[in-house]
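First the structure, in the form of structure tokens, and then the observations on it.
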Amino acid sequence: ADGQEYNTDWMAAATKKAAVTHNHNIALSGATKNFSYRGAVTYKYAEGLALNTDRNEIIAKFAADQSALKGWLKFSYDFSYMHYKNNYDCGDFKQAATLNPTYPIYDSSKLSGYFIPSGSGLSNPIAATNQKESYKQGNFFRGSVKATIDIKAVPGLKLNGFVALEEGDNYSYSYVSQKYDTDLAVAGQATRNVDMSFNQLYEVTADYAGSWNGHSLATVIGWSYQKFFYDGSYMKNGGFPTDYYKYYSMYDGQTDKDKLNVSSYRNSNVLASGFARVNYNYDERYLISASLRAEGSSRFGENHKWGWFPAV
């Protein structure tokens, strides 16, 4: 356009010469006669080869086993937490691989300062990378506690209780600079959305394992209850006074709000089940296994809330 000759390596411009990943770990463990534990924290940073791409991640874990009442009662604890952030490259590698190398990257006559190639479906991938922003961050927690009672009066018989919780929240953000003149329809547009989940599991079981005179028997009977909860929202807007607003103040977009788009959701479901299983073995030659499971779900039809599933 300006009469100069260019020899642009678009792929080289869209990538880094090297990407670095590093991990850091610290762990602590110990034990007494009735209690043992282990805790660990891990930090990871992974840099991507594409511009503006990386992942930060920190994970903490704790696990422990506890014995009480002279071994009649045992507890197991397991907890973990993760926080992460992903930055995404907004360029187009197809463009970088196929775009004419005689095109320049920059053009000072344009609002964005970047060259805009003419032709259907063509764009400047470096302009998109540097003038678009997209990242996702979130947290994930998982925790469980298991209690086991060893019935000494009946060798091989145990009662178990188990509780587990999972909670996750993910946040996504994106913004396109107002100077992005490659596509004026999306210039100055911001989005943000949130997805959350909270799941619960409660389980009670009794199991027995024993053998006598060549006979072996293993049985389990129990009840399980799970509840799943989901919640989220989405927002998109444009026409902000300056680039500083982006996804921080979503309502302050265009005065007539014709670019504002908002939606949300919330739903939950419950799954309950009762189950029993028997495994019998005689002389390591004759074996039989039988099970019965009843599943009840809030997703089932009104007149068919339960399903029965036998097997032998």
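The values are calculated or read from the model by the stated rules, or taken from the named source; none is laboratory data. Every value quoted in this text rests on a predicted model; they were computed, and no experiment measured them. Methodologically, a virtual Cβ is constructed for each residue, glycine included, from the backbone with ideal geometry; neighbour enumeration extends over all protein chains shown. Keep in mind that these areas ignore ligands, DNA and RNA; they rest on the heavy atoms of the full protein, side chains included. Shrake-Rupley method; radii C 1.70, N 1.55, O 1.52, S 1.80 Å.
Here are a few things to note about the model shown:
- Per-atom-type breakdown for region 128-247 gives carbon and sulfur 58% of the accessible area (1.4 Å probe, protein chains only).
- Positive-end residue, region 8-165 charge dipole about Cα centroid, Cβ charges, pick of Tyr114, Thr53, Ala64: Ala64
- Peptides 166-175, 252-261, 137-146, ordered by how many other C-beta atoms sit within 10 Å of their residues on average, highest first, read 166-175, 137-146, 252-261.
- Bridgeable aspartates and glutamates around Lys110 (alpha carbons under 14 Å apart, same-chain partners fewer than 8 residues away excluded): Asp2, Asp181, Asp183.
- Considering only alpha-carbon pairs that sit under 8 angstrom and 6 or more positions apart, the relative contact order computed for region 39-111 is 26 percent.
- Mean projected area in nm² (Cα convex hull; one quarter of hull surface) for the chain: 27.0
- Accessible surface of region 26-108, 1.4 Å probe, proportion on carbon and sulfur as whole %: 60
- Lysine pair count for region 212-311 with Cα-Cα distance under 26 Å and sequence separation of 8 or more or different chains is 6.
- Qualifying chymotrypsin sites (Phe, Trp or Tyr not before Pro) for region 59-89 [loop in DSSP, other Cβ within 10 Å: at most 13]: Trp72
- Bridgeable aspartates and glutamates around Lys146 (alpha carbons under 20 Å apart, same-chain partners fewer than 8 residues away excluded): Asp65, Asp78, Glu166, Glu167, Glu203, Asp207.
- Average accessible surface area per residue within the chain, 1.4 Å rolling probe, Å²: 62
- GNM top mover of Glu302, Glu57, Glu203 - the chain, alpha-carbon springs below 10 Å: Glu302
- Each residue of region 49-54 was assigned a 3J(HN,Hα) from its phi angle through the Karplus expression (A = 6.51, B = -1.76, C = 1.60, θ = phi - 60°), giving 6, 6, 4, 6, 10, 6 Hz with x at Gly and Pro.
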